[in-house]
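*Asks:* Can you read through this structure? Questions will come right after.
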Amino acid sequence: MKEVKTYPIGTIVGRFQVHELHDAHKKLIDQVANSHKKVILFLGVPKVIGTKKNPLDFESRKKMIQHHYPDIIILALPDNKDDKKWTKELEKRIREVYATGDVLLYG
């Protein structure tokens, strides 16, 4: 039987541009929180805030999520059109919080 790899760190990347978490958001966060010892949730932050696509700022979304999940680390992750730079920044930010440990990414 093949051994299943475990990941101590679960990382969620999303926008969560809603005024209240809906059931699918909660299901995702619950799944990650129940599957990993450590959880980081990154909120995508656009260059321009207050648009139809991105009406809410980082702090509003962070407070909304923390209301339901006070123990989850929530950080901003600025948008970057360059995938390599974005990935490098994501990896750097994860390691600033947790220097070691395998990470499973959800998005």
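The values are calculated or read from the model by the stated rules, or taken from the named source; none is laboratory data. The model shown is predicted, which means the values in this text are computed figures rather than measured ones. As a convention, Cβ positions derive from the backbone with ideal geometry for all residues, glycine included, and neighbour counts pool all protein chains shown. Ligands, DNA and RNA are excluded from the accessible area calculation, which covers all protein heavy atoms including side chains. Shrake-Rupley method; radii C 1.70, N 1.55, O 1.52, S 1.80 Å.
*Asks:* So how many residues does the range 92-107 have that are more than 12 Å from the chain's Cα centre (by Cα) and over 21 Å from Asp30 (Cα atoms)?
*Replies:* Result for the range 92-107: 5.
*Asks:* So which residues in the range 95-107 are of a type outside the set (Ser, Thr, Tyr) and free of Cβ contacts under 8 Å to residues at least 12 places away in the same chain, if there are any at all? Give the derivation first.
*Replies:* Of all residues in the range 95-107, those of a type outside the set (Ser, Thr, Tyr) come to 95-97, 99, 101-105, 107.
If the condition is that a residue be of a type outside the set (Ser, Thr, Tyr) and free of Cβ contacts under 8 Å to residues at least 12 places away in the same chain, then Arg95, Glu96, Ala99 are the ones that fit.
*Asks:* Further question on the same structure: Charged (D, E, K, R) and either assigned to a loop (DSSP other than H, G, I, E, B) or surrounded by 16 or more Cβ atoms within 10 Å (Cβ to Cβ) (or both), is that true of Glu59?
*Replies:* Values: charged (D, E, K, R): yes; either assigned to a loop (DSSP other than H, G, I, E, B) or surrounded by 16 or more Cβ atoms within 10 Å (Cβ to Cβ) (or both): no.
Taking the combined requirement at face value, the residue does not satisfy it.
*Asks:* Turning to a different aspect of this structure: Of the residues Lys63, Lys38, which is modelled with pLDDT of 95 or more and closer than 19 Å to Leu104 by Cβ? Break it down stepwise before answering.
*Replies:* Working: Lys63 fails: closer than 19 Å to Leu104 by Cβ.
Residue meeting the stated conditions: Lys38.
*Asks:* Quick check, is Val39 among the hydrophobic types (A, V, I, L, M, F, W, C) and outside any strand (DSSP E or B)? Explain how you work it out, then say what you get.
*Replies:* On the way: among the hydrophobic types (A, V, I, L, M, F, W, C): yes; outside any strand (DSSP E or B): no.
Answer is no for this residue.
*Asks:* Looking at the range 75-94, I want the residues that are open to solvent by less than 100 Å² (accessible area, probe 1.4 Å) and have a partner that is of a type in the set (A, V, I, L, M) and part of a loop (DSSP other than H, G, I, E, B) with Cβ atoms under 9 Å, at least 6 apart or on another chain. Which pairs are those?
*Replies:* Sorted first by the residue in the range 75-94, then by its partner, the list stays empty.
*Asks:* Related question: Among the residues of the range 8-44, which ones are touching an Asp or Glu at 6+ places or on another chain (Cβ under 9 Å) and either open to solvent by less than 30 Å² (accessible area, probe 1.4 Å) or in contact (Cβ under 8 Å) with a residue 60 or more places away in the chain (or both)? Spell out the reasoning first.
*Replies:* First, pick out the residues of the range 8-44 that are touching an Asp or Glu at 6+ places or on another chain (Cβ under 9 Å): 8-9, 33, 39, 44.
Selection gives Pro8, Ile9, Val39, Gly44.
*Asks:* Here is a follow-up. Which residue is modelled with the lowest pLDDT, if the candidates are limited to the range 1-18 and must be under 17 Å from Ala76 (Cα atoms) and either in a loop (DSSP other than H, G, I, E, B) or among the basic types (Lys, Arg) (or both)?
*Replies:* Filtering the range 1-18 down to residues under 17 Å from Ala76 (Cα atoms) leaves 10-18.
Imposing the further condition that a residue be either in a loop (DSSP other than H, G, I, E, B) or among the basic types (Lys, Arg) (or both) reduces the set to 15-18.
Working: Arg15: 95, Phe16: 96, Gln17: 95, Val18: 92.
That would be Val18.
*Asks:* Still on this structure, I have one more. Can you tell me which residues in the range 59-77 are over 16 Å from Asn34 (Cα atoms) and within 11 Å of the chain's Cα centre (by Cα)?
*Replies:* Of all residues in the range 59-77, those over 16 Å from Asn34 (Cα atoms) come to 59-67, 74-77.
If the condition is that a residue be over 16 Å from Asn34 (Cα atoms) and within 11 Å of the chain's Cα centre (by Cα), then Lys62, Ile65, Ile74, Leu75, Ala76, Leu77 are the ones that fit.
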